[in-house]
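Engineer: Let me give you the structure first, and then I'll get to my questions.
The values are calculated or read from the model by the stated rules, or taken from the named source; none is laboratory data. None of the values given here were measured: they were computed from a predicted structure. All Cβ positions, even for glycine, are placed from backbone atoms using ideal geometry, and neighbour counts span all protein chains on display. For accessibility, only protein heavy atoms count, side chains too; no ligands or nucleic acids. Shrake-Rupley method; radii C 1.70, N 1.55, O 1.52, S 1.80 Å.
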Amino acid sequence: MARRSQNPKVLAIVLAGGEGKRLMPLTADRAKPAVPFGGPYRLIDFALSNVVNSGYLKVVVLTQYKSHSLDKHITATWRMSTLLGNYVAPVPAQQRVGKEWYLGSADAIFQSLNLIHDEHPDIVVVVGADHVYRMDFSQMVEQHVETGAGVTVAAIRQPISLADQFGVIEVDDADQRKIGQFLEKPTNAKGLPDAPDEVFASMGNYVFDADVLVDAVTSDHDLEGTKHDMGGDIVPAFVNKGEGYVYDFKNNDVPGATERDRGYWRDVGTIDAYFEANMDLISIHPVFNLYNYEWPIYTTTGFLPPAKFVHGHGDRVGEALNSSVSPGCVISGAQVHGSVLAPRVKVHSYATIVDCVILDAVEIGRYATIRRAIIDKYTVIHEHAKIGIDHDHDRARGFHVTESGIVVVPRDSVVEA
């Protein structure tokens, strides 16, 4: 086992190869971690910001599925001090050990063991790339070192009624930091000792001693019948040996957190979840507060001018209420309510946008009306066009409509009246 110390050398591995099928059509041309979110951000910016704010400045991002957009964003945005040896490096599937692509999250690490061998860390922090949250991983690492765990798994408390939607951690009766069982979407989960109506749901974030992780993924590679998955195979193996521990996300203290957004975590794996998480950003007291300057979420919007609102006479008034408007946007005599606008969106006069997520460089023509919709990048919406008003018409035009009535318009679309 690696030498433990009060200041261990840490390498962070971000698993960003996910296809994100449930987020189609937003993932038709990009990996799930590259999906824009909250205006100027990409989903991966939240994981990377958490890692960097935790003080871990040597980071590799394992990519695979339709990774060009993701690789471009990382290399253009996440530039660390080379003078100090820090980096955020996207690493595509390398086929170092054979001609196969990554077969699972554990196999992704196995095929990338050269990154660990080159860096010689004491500790490896492994995180997912497609959740929205704030977390100080150094506090989780501190518990990992203290307990001598084989693996430490971050967990968030969820209502027991939702247990069948998560990987659920049942704690050991004798030591509540120890994992008794790790169950995949159980229908008869046992509640927590201190909260019988709650369960621990795995957040997909792990801490290992480096040599222990190397041994684990190497052994998994040689097993028959494994899916090579971190949550499905690696963690249960540690639990069976009595070496799996849980980290309660409720105990994570992030600087600048408000009582309202403390402990916020969202898996934006579906269109509805993605839409709702965007809406969490725009209330007067946001459910997730992007304005926490003590734990910033980093990204870049390039060299864009401020947002502009023009015209203010009669019914031609450019305004956005209860909305988030990114740099480069122009609201020209249009009404925007309860919406999130990414950079370079242009909304022309007399248009109405209500409860929408509008991604980069969308142009919305005069008198257009859009309600409860997600409009992907570079789409042009013509004058008098209507989206989200008649769902049968939306489906007839090839737009995806969820059961809850969220309409998704694919990127580069041209929407006629």
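Engineer: Quick query: amide H of Gly167 versus all other amide H atoms, modeled in the peptide plane; which residues come in under 5 Å with a sequence gap of 5 or more or a different chain?
Structural biologist: Lys185, Ser202
Engineer: ³J(HN,Hα) across region 114-124 via Karplus (A = 6.51, B = -1.76, C = 1.60, θ = phi - 60°), whole Hz, x for Gly/Pro?
Structural biologist: 4, 5, 6, 4, 5, 8, 6, x, 7, 10, 10
Engineer: Let me ask another. Could you name the lysines in cross-link range of Lys308, using Cα to Cα under 19 Å and dropping any fewer than eight places away on the same chain?
Structural biologist: Lys346
Engineer: Hey, what number do you get for the chain at 222 nm if only DSSP H runs of n ≥ 4 count, each worth -39500 (n - 2.57), divided across all residues, to the nearest 500?
Structural biologist: Computed mean residue ellipticity for the chain: -5000 deg cm²/dmol.
Engineer: Moving to a separate point now. Each residue of region 309-326 in order: what ³J(HN,Hα) in whole Hz does its phi give by Karplus 6.51 cos²θ - 1.76 cosθ + 1.60, θ = phi - 60°, with x for Gly and Pro?
Structural biologist: 10, 10, 6, x, 10, x, 9, 10, 10, x, 8, 9, 10, 6, 9, 10, 10, 7
Engineer: Considering amide H positions built from the backbone, and no H for Pro or chain starts, which residues 5 or more places from Ser324, or on another chain, come under 5 Å of its amide H?
Structural biologist: Ser339, Val340, Leu341
Engineer: Let me ask something else. Take the alpha carbon atoms of region 1-67, find their radius of gyration, then divide it by 2.2 N^0.38 Å using N residues; give the quotient.
Structural biologist: For region 1-67, the normalised Cα radius of gyration is 1.36.
Engineer: Would you mind putting 104-114, 247-257, 62-72 in packing order, based on average other-beta-carbon counts within 10 Å, highest first?
Structural biologist: 104-114, 62-72, 247-257
Engineer: A further question on this structure: Under 25 Å between alpha carbons, and skipping anything fewer than 8 positions from Lys58 in its own chain: which lysines qualify?
Structural biologist: Within the straight-line limit of under 25 Å, Lys58 reaches these lysines: Lys9, Lys32, Lys66, Lys72.
Engineer: Which of Thr152, Thr226, Thr27 moves the most in a Gaussian network model of the chain with Cα springs under 10 Å?
Structural biologist: Result: Thr226 has the largest fluctuation of those listed.
Engineer: Accessible area per residue for the chain in Å², computed with a 1.4 Å probe and the full protein assembly in place, what is it?
Structural biologist: 44 Å²
Engineer: Shifting gears a bit: Quick one: which residues, 5 or more positions from Lys178 or on another chain, have an amide H under 5 Å from its amide H? H modelled 1.01 Å from N in the peptide plane, none for Pro or chain starts.
Structural biologist: Excluding prolines and chain starts, which carry no amide H, the hits are Asp172, Val246.
Engineer: Could you give the length gained on full extension between His337 and His68, defined as 0.36 nm per residue of separation minus the Cα-Cα distance, in nm?
Structural biologist: That works out to 93.5 nm of additional length.
Engineer: So what J values fall out for region 293-303 if you push phi through Karplus, 6.51 cos²θ - 1.76 cosθ + 1.60 with θ = phi - 60°, rounded to Hz, Gly and Pro as x?
Structural biologist: 7, 7, 9, x, 9, 8, 6, 9, 10, x, 9
Engineer: Taking K and R as +1 and D and E as -1, what net charge do the other residues with C-beta under 14 Å from the C-beta of Val199 add up to?
Structural biologist: Residues near Val199 contribute -3 overall.
Engineer: Starting from the Cα of Lys227, draw a straight line to each of the aspartates and glutamates and keep only those under 12 Å, dropping any in the same chain fewer than 8 residues away.
Structural biologist: Of all the aspartates and glutamates, those that pass the test against Lys227 - Cα under 12 Å, at least 8 places apart if same chain - are Asp107.
Engineer: Just the accessible area for His337, please: 1.4 Å probe, Å², rounded to the nearest 10?
Structural biologist: 60 Å²
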